[in-house]
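The values are calculated or read from the model by the stated rules, or taken from the named source; none is laboratory data. From a predicted model like this one, the values you see are computed outputs, not experimental measurements. Using ideal geometry, Cβ is built from the backbone for each residue, glycine included, and neighbour counts are taken over all protein chains shown. What goes into the accessible areas is simple: the full protein's heavy atoms, side chains included, and nothing from ligands, DNA or RNA. Shrake-Rupley method; radii C 1.70, N 1.55, O 1.52, S 1.80 Å.
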Amino acid sequence: MAQRPPKDLHVNAPHRADDSRYDTMEYRRSGRTGLQLPAVSLGLWQNFGDETPLAMQREIIRTAFDHGITHIDLANNYGPPPGSAEKNFGRIFAEDLKPYRDELIISTKAGYDMWPGPYGEWGSRKYLLASLDASLERMGLDYVDIFYSHRFDPDTPLEETMGALDTAVRSGRALYAGISSYSAERTREAVRIMADLGTPIAIHQPSYSMFNRWIEDDLLDAVGEHGIGVIAFSPLAQGLLTGKYLDGIPSDARAARPGSFDPSLITDDALARLRSLNEIAAGRGQSLAQLALSWVLRDSRVTSVLIGARTVDQLLDNVGILDRPALTDDELATIDQYAVDAGLNLWAKSSKS
């Protein structure tokens, strides 16, 4: 049985241009494009597969939209099982959000393992376009707003991968093209190819957090030079910066589940740095997660932070960053003493190709 929609979200309600849900959200332009994204976007990488009750997923997504989070980010293989996050989102979209399609930015990606055989991963034209068609079918959409190459493929000519993104946009299956976890060198190369094709890259999605600062070496310069937006995924370092590990590893945390998070990363040094950062957050009247998100957004080249949420309370805590003042230079200098790389970039291989 369908639940009652939350306040200001009514199924089949007419469009309301003056809707108050946008009053408290900050929107940032993605590079030099016309695309604006909320400072906080919702990613469905975790907690939106078949292991999570649909009612819980619905409550999180609808609450996010009620708070001005207009961007929902997916990928073909999000789950588990692969494809289930898109399928579940499609059900929620059809029942609750379809009247608001023009107020939503929905993105998906292809690049990682999705189906058996030689055509089910990486960056070939065959895989990317077939995957996009399957994603649209699972979500019940005519188009996505952003379609990404999820990772660089060292064995496929970049011209072929970028050509598939160009086709996705020109065919109307996507409005914007994006790349994820590409190095600065490959980003510049992709930009040149797409410029020749006439379909610019609008956005780059890299991992970025206080404990994973790889994009500061040269990628931020590359996107800044070429007017590309950045949406940072894993800004809470896969939960390490949420505060849940301040006293060790809780039994329900990702680090306690095999294959989800490497518990060896939670060293005495990491805990000491977490506790110091938590003290800084407390001094600002913030949670550690809020401080971590505010820190990622401190750079004007970062368009949005991509959060995951297991509960509505987590979602609302993350959105709370918009109520706090910007970090001062003194605060940033203090944070830099503790915000150092901790070997968390699981996507480093793609980023270094």
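Over the chain, accessible surface divided per residue gives 42 Å², non-protein components excluded, 1.4 Å probe. Taking amide H positions as modeled 1.01 Å from N, with prolines and chain starts lacking one, the residues under 5 Å from ILE105 and 5 or more places away or on another chain are HIS71, ILE72. Bin all alpha-carbon pair distances of region 68-127 at 10 Å intervals from 0 and give each bin's fraction as a whole percent. In order of increasing distance, the bins hold 21, 44, 26, 9, 0 percent.
Classify the chain from the C-alpha gyration tensor, please: rounded if a/c falls under 1.5, else prolate or oblate depending on whether a/b exceeds b/c. In terms of gyration-tensor shape, rounded.
Distant-in-sequence amide contacts of GLY111, defined by a placed amide H-H separation under 5 Å and a gap of 5 or more residues or a different chain, comprise TRP122, HIS150. Highest-first packing order for the peptide set 109-117, 207-215, 180-188 is 207-215, 180-188, 109-117, based on the mean count of other beta carbon atoms within 10 Å.
Charge dipole (Cα centre; +1 on Lys/Arg Cβ, -1 on Asp/Glu Cβ; no other charges) of the chain amounts to roughly 600 debye. Once you sort the root eigenvalues of the Cα gyration tensor of region 283-353 as a ≥ b ≥ c, which label holds: rounded (a/c under 1.5), prolate (a/b larger than b/c) or oblate (the other case)? Cα axes put region 283-353 in the oblate bin. Packing, as the average of other Cβ atoms within 10 Å across residues, places the peptides 87-100, 336-349 in the order 87-100, 336-349, highest first.
For TYR119, nonlocal amide neighbours, meaning residues 5 or more places apart or on other chains whose placed amide H falls under 5 Å from its own, do not occur. Working ranking of peptides 49-56, 139-146 by packing, defined as the average number of other Cβ atoms within 10 Å per residue, highest first, is 139-146, 49-56. Partners of LYS126 within straight-line reach, counting lysines whose Cα lies under 25 Å from its Cα and excluding those fewer than 8 residues away in the same chain: LYS87, LYS109, LYS349, LYS352. Helices in the chain, meaning DSSP H runs of at least 4 residues, each add -39500 (n - 2.57). Divided by all residues, the mean residue ellipticity at 222 nm is -10000 deg cm²/dmol.
First check a/c for region 19-160, with a ≥ b ≥ c the square roots of the eigenvalues of its C-alpha gyration tensor; if it is under 1.5, answer rounded, and if not, answer prolate when a/b is larger than b/c or oblate otherwise. Oblate.
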